[in-house]
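Report on the following structure.
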Amino acid sequence: MRKADGRYYIIVEGWNEVALLTLLNIIHVQNRKVPQTLRLEEVAKIAMLVDYYQCHQAVEVCQEIWITHLRNGFIMAKTHGREFLLQLLVASVFNMHDMFLKSTAVAINKGTHQVPLTY
């Protein structure tokens, strides 16, 4: 909505502030403000925003850099728990087909917990 000062304002709530700022810096080509390396949890928070706002193309270059640094950790993730789910989210949102297939195969073959289906 345009305000009296001529600017447009968008109110967002519930997102991680650092992840949102990182995404906005990418979209507004503030490359020097975008971190080159991130932990898995930080990449996952950005992935949630990318998926919600459907801005996959805007982050392609950065995601490749981040994923390169994370790939070794992906192989080490356990089949259950928070880290595994974050890995699955990142692989899904950033179209990492090979990692997504490997992760889901591990979950199916070695998983011992039932996943509730909700519609």
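Look at Thr37 and say whether it is in a loop (DSSP other than H, G, I, E, B), of a type outside the set (Gly, Ala, Ser) and surrounded by 11 or more Cβ atoms within 10 Å (Cβ to Cβ).
Details: in a loop (DSSP other than H, G, I, E, B): yes; of a type outside the set (Gly, Ala, Ser): yes; surrounded by 11 or more Cβ atoms within 10 Å (Cβ to Cβ): yes.
Yes, satisfied.
When region 1-20 is examined, which residues are found to be surrounded by 10 or more Cβ atoms within 10 Å (Cβ to Cβ) and either more than 14 Å from the chain's Cα centre (by Cα) or assigned to a loop (DSSP other than H, G, I, E, B) (or both)?
Scanning region 1-20 gives Val12, Trp15, Asn16.
What number of residues within region 40-63 are of a type outside the set (S, T, N, Q) and not in a helix (DSSP H, G or I)?
2
Can you tell me which residue among Ala91, Ala58, Ala47 is over 29 Å from Thr112 (Cα atoms) and at pLDDT 90 or above? So that I can check it myself, show each step before the final result.
Values: Ala91 fails: over 29 Å from Thr112 (Cα atoms); Ala47 fails: over 29 Å from Thr112 (Cα atoms).
Criteria check complete, one pass: Ala58.
Could you run through region 39-54 and say how many residues are of a type outside the set (Val, Ile, Thr) and within 13 Å of Gln87 (Cα to Cα)? Break it down stepwise before answering.
Step one: list which residues in region 39-54 are of a type outside the set (Val, Ile, Thr), which gives 39-42, 44-45, 47-49, 51-54.
Retained after the next criterion (residues that are within 13 Å of Gln87 (Cα to Cα)): 39-42, 44-45, 47-48.
Final tally of qualifying residues: 8.
The values are calculated or read from the model by the stated rules, or taken from the named source; none is laboratory data. Since this is a predicted model, take the numbers as computed values, not measurements. Methodologically, a virtual Cβ is constructed for each residue, glycine included, from the backbone with ideal geometry; neighbour enumeration extends over all protein chains shown.
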